[in-house]
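Single-structure report; data block below.
The values are calculated or read from the model by the stated rules, or taken from the named source; none is laboratory data. If you're wondering where the values come from, they're calculated on a predicted model, not measured in any experiment. All Cβ positions, even for glycine, are placed from backbone atoms using ideal geometry, and neighbour counts span all protein chains on display. The area values use the complete protein model at the heavy-atom level, side chains included, leaving out ligands, DNA and RNA. Shrake-Rupley method; radii C 1.70, N 1.55, O 1.52, S 1.80 Å.
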Amino acid sequence: MFVSSGDLTAAAVRKGVRIMAISKTEIEKLAKLAKLSFTDEELERFTAEFDEIIAFADTVNQSIEGGTEQIRSVDARMVSFDDLRPDEVVPSLPNDKILSNVEGYNGFFKVERSKK
Amino acid sequence: MRAGIYELAIRLRNREISAVELTKAYIDAIEKLNPAINAYVYLTFDTALKAAEQADQMLKEGDAPLLCGIPMALKDNICTDGIATTCCSKILKDFKPYYDAAVWEKLKAQGAVLLGKTNMDEFAMGSTSETSCYGAPLNPRNTNYVTGGSSGGSAAAVCANLAVYSLGSDTGGSIRQPASFCGVVGLKPTYGAVSRYGLIAYGSSLDQIGPLANSVKDAAIVFDAIKGGDKRDQTSVDYDYGSSLAECLDRDIKGMRIGVAEEFFEGINTEIKSKIEKAIKLFENNGAVIENIRLPALKLALPVYYIIACAEASSNLGRYDGIRYGYRTSSYTGIEDMIVRTRSEGFGDEVKRRIMLGTYVLSSGYYDAYYKKACLIREEINREFDAVFENCDVLVAPTAPNTAFPLNHKGDSPVEMYLSDICTVPVNIAGVPAISVPCGEDSRGLPIGMQIIGRRFGEATVLQAAHFYEQSAGKVIGDYEGGAGI
Amino acid sequence: MNYEIVCGIETHIELATKTKIFCGCTTEFGGEPNTHCCPVCTGQPGSLPILNQKVVEYAIKAGLALNCKINTKSHMDRKNYVYPDLPKAYQISQYDEPLCEKGYIELDSGKRIGITRIHIEEDAGKLIHESGLTYIDYNRSGVPLIEIVSEPDISSAEEAKEYAEKLQLIMRYIGISDCKMQEGSMRCDVNLSLRKPGDPRFGVRTEIKNINSLSFIQKAVMAEAERQADILDAGGTVVQQTMRYDEGTNSVTPMRDKENSDDYRYFPDPDILRFCVDDKKVEEIRESLPELPFDKLKRYMNVLGLSEATAKQIFRYRMVAEFFEDTLAEGASVKNTANLIVVTIFSNMDTEEEKELFAIRISAAQFAALVKLADEKKINIGVAQSTLQKMLESGKPVEEFIKPEDLVGISDEALESLCKEAIDANPEAAANVRNGKDKAINVMFGYIMKKTGGKADIRKAEVLLRKLIRQ
C-alpha cells in the first residue's frame, strides 16, 4: 500500500515520537483544509514559524506516552434531558434583518460564481 | 482621585451632574485623547447622548439601577444591535449585528451609556492589541508601550478615563494582562458566570466576558450587573451569589488561606516578583495564612491552552466566508476561490497562524497526539486546582511575567510572545475566576499587576481579597492625569 | 462470474419537530426564502446553539423501535467543512458518542439487518444555481435529522428495498417523521461492494448518494452491482468514489468531486454540554411508543384472526390501524370492521398518501355504530356498504340513513308477520313450494325485500317461510 510521508509522520506522532520538521506540502494541505492560501514567500516564513509552534505544542504530545483512550472526565458538566430546550416555536427574524449585512436578491443570499 | 461608579451614582442622584453632562465630559475627553491613544475604534456619541437623556429620565423617576447614566465602553467583539462589531478584523469590516449580546442587553436595560467599541487584537488573538486592523492602541501611561491584549482598548479607555468602566473578554488573559499593563483592575469571572451569547467566539470553552475598571469595587458593581445564567448560552450557569458582591467587599481577611505556587513565579521578571512578594507579606501581616502549594501540571498549561484555543478557533472562524456578512473579495474564479481569497485577504497573520495550528491539531493522524492529550492534561490541571482549593481560599500570582512591551516588540518568534501568557492561561483552562489589581510599578514607571485566583464561583472571596489589598496597600501606582477629569 | 453483494445503507430522516435542532425557528416546509431564520441557524457571529429536547426524544424513539441500545450519555461534535450551504462551516453532529447503537431490522425472511448507529445532526441550507449566480436559502438550515447507519448486511437489491421500506414504515408509525422520499424528508445513501462468494474480505466500495425513492434503491443497487461486476470481470478494479443514480437512464455515474477533503476534524462542540437521558426517561419513552407495525401485523393475524392479505392492508398505515382498533374498542366485530375498511373506505382512497393521511369524515364511534348493525344482522352487508359510502360522503352518522323504524320493520316478530303476509299474498307460490317446487320461494323473498327496502335478513326469512308453509 502506498504510504505518504504525512501518514508516516502521523504514525510517529501517535506513538509519541517527536518529529520536528513540517513540510511545505503539509502546510499546503492544512491551508487547503483551512481555506487559506499563502504566497510562496508567506509559505516559506510560515513553514519556519510553524515548526517552532509545533515543537511547542509537541511538549503536550511528549508528556503522555501512548494512547488516549479515555478522554472525557467523570466530572464534566452534563445537562439532563429535562433541562434541554422545549420544542416551542419562537418567531423567526424578518428577512431584511437576516440579509442586513449583504446585498441579497429576492430574499436570498447571493454570490456571483465568478467575478473579475 | 477619580470618582468611582458609586460616587458618580450619588452625584447623579443628587443632581450635582446629569447623565448628559457626564456623557459630554467623556465625549470631549475622547475627542481630545482618542486620536492619540486609539482606545476606541468605533464611537457611538449620538446613541450615547440619547441613552444619557433616557438615563436622566430614569434617574428623575427614581429607583434607577446603579449603572444608570454611567458612560462605558464595550470591546469590539461584543455584539451591539445596529452598531459595528468587527473584532478589529478586516474580515468583519462594516459588520453590524442585528442582535445584542446578553451582557449589553443587561447593561442597556440598566441605563448604561455606551460611548463606543474598543480596540483589541484581531479576534482577541494576541497579547499586545497590535494585531488590530485599526492599528494598536497605545498605553496611556507611556505611549511608547503597548496596552497589552487582547482587550487593550478596553484597558486603555479605563486607564485614560475615557470610560468609567469597560467590558473585555478573556480567553487566556485578555482582560487581566492589559489591566496589569495599564494599571487598572480586570476581572475574569468563572467560566459560565456571564453569558457568552453575542460574544464573537475565539476559544469557546475558555472565553469569558468581564469588567475592566478603576477599582475593585467598580469591577464588583459591573460584575453584579452582568452575571447570571442565560437560556441562550447553555454553558452559562445561574449561580446564586447571594446578595450583591459589591456590598460585601469589606470582609476581614484574617484567617484567609492564601496559596502561593512556585510554578507561577518561574521565569518572572525580578521586579515583578518582589512586588508580588511584598503584597503577599501585606496579606500575611494582616492575618492571612500563606500556604506554599504546588501545581506541577502548570508547566504544560501554555501549550495545552494554545492547542485547545486554536482548535476551537479554527472551527469558530470557518464561518467567515464572505457570504452572509463581512468582507468579500472583489475578484475570483469560483465560490471556493472566493472563500479562500476572502479569508486570505480578510484575516491577519496571527489569526491565520492560529487557524493553521488549530487545523493541524484536529487533523486526522494528529488529533490524538495534540487535541486529545491537551484535553487530558486540561483535566489534570483542573484536578490540581480542585485539590489546591481544598486548602486555600485564593491563590496569589503575578498577572504577567513582564510589564508592557515597547511598541512593535516582535520578540524572536510567535512562540516567545505566547510565553507572556504563562500566568493567565491556567485560570482559563480551569475555568476559575481571577482578578488583576495594580501592585506597583517597575523602574520605568510601568504598572505591575497581581493576580488573585479563586475557586469556581468564588468571585466573592477573590473580590474581597483584592479589595482588601487595594485599600491597605496605599498608593502603588501613579495616577493617570487627563481624560474626562471626573 | 458470480459475485456476492455487500451493501449497507445510510438513511437521513428529517424529524417532525416543531422547531429546529438548535433554535426556536419553525421547521415548517416552504416559506419565502430566509424567513425561517435567526442568528443561530444562519451562523451569525456570537450566536450559540441550544439543543432541542424533542430531537433527543425522537431519536431515542427511533432507536428503541429499531432494537438499539440507548446511550444514556451522549454529546454533540462539530464536523468541519466549508460549503456555502453550511453557515457555520461546521455541521453539529455526533461522532463517537451517538445516541443509539447496535440495533436491527428483521426482514420477512427472518434475516436481520444490523443497525450500527443512530445519531442526531442538523440539515444544511439550500443552494440554487442560476445563470452565473448562486442563491442561498437557509430555511432548512438547522432542521433536525437522524442518520441511521446499517451494517453491510444487505446482500441483494430486494433486501435493500425491503430494508428501506420497513425502516420507512417503522419511522412513520412511531410518528417522528413523514419519511417522504420525494420531498427529501427521507434520503438514502447506498454503500456497495462486491466479493467472490465465501471471500471474507470486502471489495472496494462506492457510495451512491441521495436516492429519493424506494424503487430507485432497488434499481440503483442492481445497476451498481452490474457496473462493478463488469469492471471486475474485465480484470479491472473498482475505484472508491461517490456516485449518483440517474433514474432516467437507470445508470450509476460518478459525482463531480466536491473540492472538500474528507478530513472533517471532528471534535466535541464546546458550546453544547454533554447530556444524559437516564434509564427512567428511556423507559418512559419506550412506554410512549405505539405498538410497532410488525408486532401489530402478527397480532392481527394470530390473535384477531384476520387473513394475511387483509391484515397487511390495514397495518401498513398507522392512522388506518388506529381507526380499525378504535372501532373494535366500540364493540364492532373484527371481520365486518376490517372488510368495510378494506372494501368501502379504501375504494375512496386511490393513493398511498391518502391512506397514510386517512382523512375521513366519520369517527370510529360512528363507524362502529354502523358495523354493529351489520354484526347484529339488523342490516345486511350490502346495505352496510352503501350506507357507509353515504356516511363518508356526507360526514353524517348512520341514523341519518337508517331510521329506527326501518330497523324495527325487520325485528324477528316483524319478519315473521311479513313472512305470513308474503304467503297470504302469494298462495300459489306457497302451494308450489309445499309441492316441492323450491324455486317458487323466490317470489316470497321478492315480496319481503320489496317491503323492507332490502333490509331483511334473507336467510332468517327463508327459515321462517319454510316453517310457515309447512304448517
Evaluation of C:ILE272 against (1) farther than 30 Å from B:ASP233 by Cβ; (2) part of a loop (DSSP other than H, G, I, E, B) (one fails), failing number: (1)
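Report yes if B:THR359 is of a type in the set (Val, Ile, Thr), closer than 22 Å to B:ALA313 by Cβ and open to solvent by less than 20 Å² (accessible area, probe 1.4 Å), otherwise no. Please lay out each step first, then the result.
Working: of a type in the set (Val, Ile, Thr): yes; closer than 22 Å to B:ALA313 by Cβ: yes; open to solvent by less than 20 Å² (accessible area, probe 1.4 Å): yes.
The answer is yes for B:THR359.
Just to be sure, is A:VAL90 farther than 30 Å from B:ILE307 by Cβ, more than 8 Å from chain C (Cβ to nearest Cβ) and at pLDDT 85 or above? Steps first, answer last, please.
Details: farther than 30 Å from B:ILE307 by Cβ: yes; more than 8 Å from chain C (Cβ to nearest Cβ): no; at pLDDT 85 or above: yes.
No, not satisfied.
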Scan of region A:103-114 for residues that are surrounded by 13 or more Cβ atoms within 10 Å (Cβ to Cβ), over 13 Å from C:THR134 (Cβ atoms) and more than 7 Å from chain C (Cβ to nearest Cβ), ordered by number: none
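Only one of these is farther than 30 Å from C:CYS37 by Cα and open to solvent by 10 Å² or more (accessible area, probe 1.4 Å): C:LYS161, C:LYS126. Name it.
Exactly one of C:LYS161, C:LYS126 is farther than 30 Å from C:CYS37 by Cα and open to solvent by 10 Å² or more (accessible area, probe 1.4 Å), namely C:LYS161.
For region B:238-249, which positions are more than 22 Å from B:GLY183 (Cα to Cα) and part of a loop (DSSP other than H, G, I, E, B)?
First pass over region B:238-249, keeping only residues more than 22 Å from B:GLY183 (Cα to Cα): B:238-245, B:247-248.
Once the filter is applied, which keeps residues that are more than 22 Å from B:GLY183 (Cα to Cα) and part of a loop (DSSP other than H, G, I, E, B), region B:238-249 yields B:ASP238, B:TYR239, B:ASP240, B:TYR241, B:GLY242, B:SER243, B:SER244.
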Test: residue in region C:31-38 that is in contact with a helix residue (DSSP H, G or I) (Cβ under 8 Å, 6 or more places away or on another chain), part of a loop (DSSP other than H, G, I, E, B), surrounded by fewer than 22 Cβ atoms within 10 Å (Cβ to Cβ) and at the interface with another protein chain (Cβ under 10 Å from one of its Cβ atoms): yes
Residue in region C:350-370 that is most open to solvent (accessible area, probe 1.4 Å), counting only those that are within 15 Å of C:MET391 (Cα to Cα) and aliphatic (A, V, I, L, M): C:ALA359
Residue identified as without any contact (Cβ under 8 Å) to a residue 12 or more places away in the chain and within 30 Å of B:TYR202 (Cα to Cα) among B:PRO35, B:PRO97, B:PRO71: B:PRO35
Matching option when the condition is farther than 26 Å from B:GLY483 by Cα, of a type in the set (D, E, K, R) and at pLDDT 95 or above, among B:LYS90, B:LYS50, B:LYS75, B:LYS32: B:LYS90
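Tell me the residue from B:ASP218, B:ASP250, B:ASP233 that is more than 30 Å from B:ASP479 (Cβ to Cβ) and either crowded, with 18+ Cβ neighbours inside 10 Å or among the acidic types (Asp, Glu) (or both), please.
On the way: B:ASP218 fails: more than 30 Å from B:ASP479 (Cβ to Cβ); B:ASP250 fails: more than 30 Å from B:ASP479 (Cβ to Cβ).
Just one listed residue meets the conditions, B:ASP233.
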Any hit, region C:78-92, residues being of a type in the set (Lys, Arg), surrounded by fewer than 21 Cβ atoms within 10 Å (Cβ to Cβ) and assigned to a loop (DSSP other than H, G, I, E, B): no
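Pull up region C:272-321, narrow it to residues that are touching a strand residue (DSSP E or B) at 6+ places or on another chain (Cβ under 8 Å) and among the charged types (D, E, K, R), then point me to the one that is surrounded by the fewest Cβ atoms within 10 Å (Cβ to Cβ). Outline the logic, then answer.
Looking only at region C:272-321, we keep the residues that are touching a strand residue (DSSP E or B) at 6+ places or on another chain (Cβ under 8 Å), and these are C:272-278, C:282, C:294.
Now narrow it down to the ones that are among the charged types (D, E, K, R): C:274, C:278.
Numbers: C:ARG274: 16, C:ASP278: 13.
Going through the qualifying residues, I end up with C:ASP278.
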Spans of strands (runs of 3 or more DSSP E) in region C:143-220 with at least 3 residues among the hydrophobic types (A, V, I, L, M, F, W, C): C:144-150, C:186-195
Residue match in region C:323-342 (condition: under 17 Å from the mean Cα position of the chain (by Cα), crowded, with 20+ Cβ neighbours inside 10 Å and free of Cβ contacts under 8 Å to residues at least 24 places away in the same chain): yes
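For (1) over 26 Å from C:GLU14 (Cβ atoms); (2) assigned by TED's automatic domain parsing to the domain that holds C:ASN80; (3) surrounded by fewer than 16 Cβ atoms within 10 Å (Cβ to Cβ), each residue gets a yes or a no:
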residue	(1), (2), (3)
C:ASP178	no, yes, no
C:GLU183	no, yes, yes
C:CYS188	no, yes, no
C:GLU207	no, yes, no
C:ARG227	yes, yes, no
C:VAL238	yes, yes, no
C:GLU247	no, yes, yes
C:SER251	yes, yes, no
C:MET255	no, yes, yes
Condition check for B:LYS117: among the basic types (Lys, Arg) and open to solvent by 10 Å² or more (accessible area, probe 1.4 Å): no
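Confirm whether A:LYS15 is open to solvent by 80 Å² or more (accessible area, probe 1.4 Å), at pLDDT below 75 and over 30 Å from C:GLU28 (Cα atoms).
On the way: open to solvent by 80 Å² or more (accessible area, probe 1.4 Å): yes; at pLDDT below 75: yes; over 30 Å from C:GLU28 (Cα atoms): yes.
So A:LYS15 fits the description; yes.
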The one condition in (1) more than 8 Å from chain C (Cβ to nearest Cβ); (2) modelled with pLDDT of 95 or more; (3) within 26 Å of B:TYR332 (Cβ to Cβ) that A:LYS97 fails to fulfil: (3)
Pair list, Cβ under 8 Å, 6 or more apart: region B:377-405 residue among the basic types (Lys, Arg), other residue open to solvent by less than 10 Å² (accessible area, probe 1.4 Å) and not in a loop (DSSP other than H, G, I, E, B): B:ARG378/B:VAL304; B:ARG378/B:ILE308; B:ARG378/B:ILE429
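With respect to B:ILE91, is the statement that it is over 22 Å from the mean Cα position of the chain (by Cα), over 19 Å from B:ILE209 (Cβ atoms) and crowded, with 22+ Cβ neighbours inside 10 Å true?
Values: over 22 Å from the mean Cα position of the chain (by Cα): yes; over 19 Å from B:ILE209 (Cβ atoms): yes; crowded, with 22+ Cβ neighbours inside 10 Å: yes.
Here the answer is yes, as B:ILE91 does meet what is asked.
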Which numbered condition B:PRO303 fails, given (1) at pLDDT below 95; (2) over 30 Å from B:TYR418 (Cβ atoms); (3) part of a helix (DSSP H, G or I); (4) not aliphatic (A, V, I, L, M): (2)
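Name every residue in region B:385-430 that is acidic (Asp, Glu) and over 17 Å from B:ILE452 (Cα atoms), in order of residue number.
Initially, region B:385-430 is screened for residues acidic (Asp, Glu), giving B:386, B:390, B:393, B:412, B:416, B:421.
Result: B:ASP412, B:GLU416.
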Among (1) closer than 25 Å to B:GLU105 by Cα; (2) open to solvent by 10 Å² or more (accessible area, probe 1.4 Å), the one test that B:ASN142 misses: (1)
Single unsatisfied condition, C:ASP96 versus (1) under 30 Å from C:SER47 (Cα atoms); (2) acidic (Asp, Glu); (3) at pLDDT 95 or above: (3)
Of the criteria (1) in contact with a Pro (Cβ under 6 Å, 6 or more places away or on another chain); (2) of a type in the set (Gly, Ala, Ser); (3) within 7 Å of another protein chain (Cβ to nearest Cβ), which one B:SER363 fails: (1)
Some residue of region B:295-317 being crowded, with 16+ Cβ neighbours inside 10 Å and more than 14 Å from every other protein chain (Cβ to nearest Cβ): yes
Failed item in (1) assigned to a helix (DSSP H, G or I); (2) without any contact (Cβ under 8 Å) to a residue 40 or more places away in the chain; (3) surrounded by fewer than 20 Cβ atoms within 10 Å (Cβ to Cβ); (4) touching a Ser or Thr at 6+ places or on another chain (Cβ under 9 Å), with B:VAL340 passing the rest: (3)
